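Working notes, structure below.
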Amino acid sequence: MAKKDYYEVLQVSKNSDEKEIKSAYRKLAKQYHPDVNKQSNAEEKFKEINEAASVLLDSNKRAQYDQYGHAAFENNGFGGGQGFNGFSDFFSNMGGMDFGDIFSDMFGGAKQSRSKSRNSQGQSIEIEVTLTMKELVFGVKKSVKLNLLRNCGKCKGVGSENPNDVHICKKCNGVGQIIVNRQMGPLQFQNQQTCDECRGTGKKISNPCKQCHGKGIQKVVENVELPLPHGLRPGQQMIMRDAGHASHEGGQNGDLYIHIAVANSKVFEFTSSSDLIMHYNVSFIDAILGNEIIIDTLDGPVKLKIPKGINSGEVIKVHNKGLYKNQSSDKRGDLILKIKIAVPTSISKDERKLLEEVEKLSDFKPKNILD
């Protein structure tokens with residue numbers, strides 16, 4: 001089968017410079033690497049891309065290819081098996097291109113291997129806590145029961161009946177990761193994976209703890225105190241460091257993520273600021289006469305003068321009785337009373353008689369605007 005044009009393989013023009021060819025190679029190598037692309041032709045395509053790049057990124061080979069095409073290498077190139085010495089030769093011809101930079105998102109390097117050592121952090125936990133409006137405004141200490149992984153009480157997290165029976169895994173030298181070499185045509189790749197001998201722990205235990213079966217951790221039910229400050233908002237997230245699961249590998253605990261929710265309320269409504277809307281019913285008598293009333297707020301009873309003639313939909317501001325600005329501030333927004341005039345559904349005969357007298361004396365007529 002005739003070979004494809006190398007420029008077409010890398011999807012570049014014959015006038016492309018080295019930078020453009022490198023960029024095209026990066027993109028295509030990532031796209032068709034067999035560990036990423038599971039199509040049946042991915043491996044063959046990947047080899048084709050590498051072959052094209054090894055020629056076009058070598059100035060001498062590129063010049064020969066531009067003049068003679070594939071015939072330039074029929075006797076001493078890829079076809080004859082000469083002049084191409086596998087992995088090291090290929091990347092020495094890549095103009096200093098960093099192999100790790102190209103494939104770092106597909107294969108972990110040495111730094112990644114070290115980061116996946118025995119001291120990795122435990123798993124974090126997410127919970128939702130529902131607060132009353134009063135708890136949300138003023139803060140509260142909540143106690144919740146959580147199923148957690150904690151260090152074994154018997155072996156203290158060692159995993160062995162005797163600490164002297166814990167040894168470093170010889171296969172991975174205690175790292176928990178091993179490097180596997182893979183040959184792919186003329187190329188050789190290094191891929192890291194979890195050590196199958198110690199299952200990523202980096203250690204071997206000859207006499208496992210009978211309580212935790214060598215894991216070093218066990219499930220417990222734990223009461224966790226949540227110190228929730230004032231100034232929180234619905235949907236907000238708090239983090240308690242080191243309050244999550246213990247690590248299987250001797251590292252620090254994971255974190256506890258607390259999502260704040262508030263119990264449904266028909267009375268209160270949130271705004272985009274620290275002001276808090278409260279729907280409040282006012283009797284029609286108080287609205288007409290402008291009486292002084294006592295209203296129940298989250299802070300307790302507050303005396304309030306109703307403006308004479310107030311209508312439904314109008315608002316009254318009660319200063320400094322809203323939400324706290326934030327968790328570290330003692331300043332608060334306002335409580336905004338959204339007024340609804342309440343009218344009785346039934347009245348006594350005497351009340352009706354008095355109201356009819358008022359009707360005769362009053363010349364009040366509500367204004368109606370027609371469209």
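The values are calculated or read from the model by the stated rules, or taken from the named source; none is laboratory data. Predicted model, so just to flag it, every value in this text is computed and none were measured. Note: ideal-geometry Cβ built from the backbone for every residue, glycine included; neighbour counts use all protein chains shown.
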> Restricting to region 38-60, what's the tally of residues that are out of contact with any strand residue (DSSP E or B) (no Cβ under 8 Å at 6 or more places or on another chain) and surrounded by 15 or more Cβ atoms within 10 Å (Cβ to Cβ)?
Replying inline: 12
> Do any strands (runs of 3 or more DSSP E) lying entirely in region 243-313 carry at least 3 residues that are within 30 Å of E359 (Cβ to Cβ), and which ones are they?
Replying inline: 276-283, 292-297
> Of the residues that make up region 313-324, is at least one among the polar types (S, T, N, Q) and either under 38 Å from the mean Cα position of the chain (by Cα) or modelled with pLDDT of 95 or more (or both)?
Replying inline: yes
>> Take the residues in region 5-45 that are hydroxyl-bearing (S, T, Y) and part of a helix (DSSP H, G or I); name whichever of them is farthest from L57 (Cα to Cα).
In response: Y32
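Let's see how each residue does on (1) at pLDDT 90 or above; (2) buried (at least 20 other Cβ atoms within 10 Å of the Cβ); (3) more than 30 Å from the chain's Cα centre (by Cα):
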| residue | (1), (2), (3) |
| --- | --- |
| C209 | yes, yes, yes |
| H213 | no, no, yes |
| G216 | no, yes, no |
| K219 | yes, no, no |
| E225 | yes, no, no |
| H230 | yes, no, no |
| R233 | yes, no, no |
| Q236 | yes, no, no |
| I239 | yes, no, no |
>> Being within 23 Å of V224 (Cα to Cα), in contact with a Gly (Cβ under 6 Å, 6 or more places away or on another chain) and small (G, A, S) is the filter here; which residues of region 150-173 pass it?
In response: G157
>> Quick check on my filter: what residues within region 256-283 are surrounded by fewer than 19 Cβ atoms within 10 Å (Cβ to Cβ), over 19 Å from I336 (Cα atoms) and out of contact with any Pro (no Cβ under 8 Å at 6 or more places or on another chain)?
In response: Y257, H259, A263
> What number of residues within region 126-141 are of a type in the set (A, V, I, L, M) and in a helix (DSSP H, G or I)?
Replying inline: 3
